[in-house]
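Below is one structure; the comments refer to it alone.
The values are calculated or read from the model by the stated rules, or taken from the named source; none is laboratory data. For clarity, every value in this text was computed on a predicted model and none was experimentally measured. Here the Cβ positions follow ideal geometry from the backbone for every residue, glycine too, while neighbour counts run over all protein chains shown. Surface accessibility is based on the protein's heavy atoms, side chains included, excluding ligands, DNA and RNA. Shrake-Rupley method; radii C 1.70, N 1.55, O 1.52, S 1.80 Å.
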Amino acid sequence: MTEAERHPRCPICGGTSFEPGPRGRMALTGVLPRCSGCKSLERHRAARVLFDRLGPARFAGWSAIQFSPDPTVDPAWFGSFELSVYGPPDGIDIQQIDRPDGAYDYVGCSHVLEHVGDDRAALCELLRITSPRGFVYLNIPDPFAEEVTRDWGFPKPEKHGHWRVYGRDVALRFARYIPRQPVLAYRGTDPVTGEATGAFLLPRSAEPYRWIVDRLGKDVELFSGPSLQSAHRSDNRN
């Protein structure tokens, strides 16, 4: 066993102390999942590895908005950074975002889409406010763990107010809702727990598409929408 395996370090804050996760849970691999320092979980750390590979220096001067608190990205990377916390009184409704077209270069949406009734409207709005040089980072409770999406048509209290639990067939939903938008699926590993998890990247033009694919290589694949050759800026108001 290597030193890194014996004493894993959080890629977000550098911490080496970990604790149980929400409701006292352990990681699927049987180890403590929450960083005692920055409070990150498996998905946050796996995604930070993704962004480290993309190269945060590229984001200098970018305008960013993030829906829900999430330690995955560092606000200091960006020229401007806005945070919207889900729910009233001040949270932005992602089904109808009060911002101009192309207002942001980076749009982060982590564990929010499952909380809204009209996820089609939300996806189109997230893309609408993203500039041609940028992309949407979308993280939903791991759809690769479920085969079929379960949609109740209402926010289920015992499921933390989720309207649905996404499954692998979310690709069909993407294809139906945003057919002209490339959706790239990233599969990574949390360096602390060894747990595999994933996220989606939605580049708004061919240039960020190529950059993402070049940087992430075999760990990213086209999940839905057109391939690189036709990945021009799309109009998703279908």
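Across all Cα atoms of the chain, the radius of gyration (one decimal) and Dmax (whole number) stand at 17.4, 53 Å. Per-residue packing, averaged as other Cβ atoms within 10 Å, sorts the ranges 31-41, 134-144 into the order 134-144, 31-41, beginning with the highest.
The DSSP beta bridges internal to the chain are antiparallel in roughly 55% of cases.
How large, in percent, is the carbon and sulfur part of the accessible surface of segment 15-82 at a probe radius of 1.4 Å? Write down the numbers at each step before the final one.
Details: 1630 of 2880 Å².
Using a 1.4 Å probe with all protein chains present, segment 15-82 comes out at 57 percent carbon and sulfur.
Accessible area per residue for segment 22-116, computed on protein heavy atoms with a 1.4 Å probe, is 44 Å². I want to verify the translational diffusion coefficient of segment 6-113 in µm²/s; compute it with Stokes-Einstein, Rh as the Kirkwood radius over Cα pairs, at 10 °C and 1.306 mPa s. The Stokes-Einstein estimate is 103 µm²/s. Once backbone amide H atoms are built at 1.01 Å from N, VAL116 has TRP163 as its partners under 5 Å, excluding neighbours fewer than 5 places away on the same chain. Just so you know, the Rg over Rh for segment 88-188 is 0.95, from Cα atoms, with Rh as the Kirkwood radius. Segment 95-126 and segment 176-203 have their alpha-carbon centroids 17 Å apart.
In the chain, which longest range has no GluC sites (Glu not before Pro) that are both DSSP loop (not H, G, I, E or B) and surrounded by at most 16 other Cβ atoms within 10 Å? Can you show the working numbers first?
Values: sites that count: GLU146, GLU147.
With GluC sites (Glu not before Pro) excluded where exposed in loops, the chain gives 1-145 as its longest stretch.
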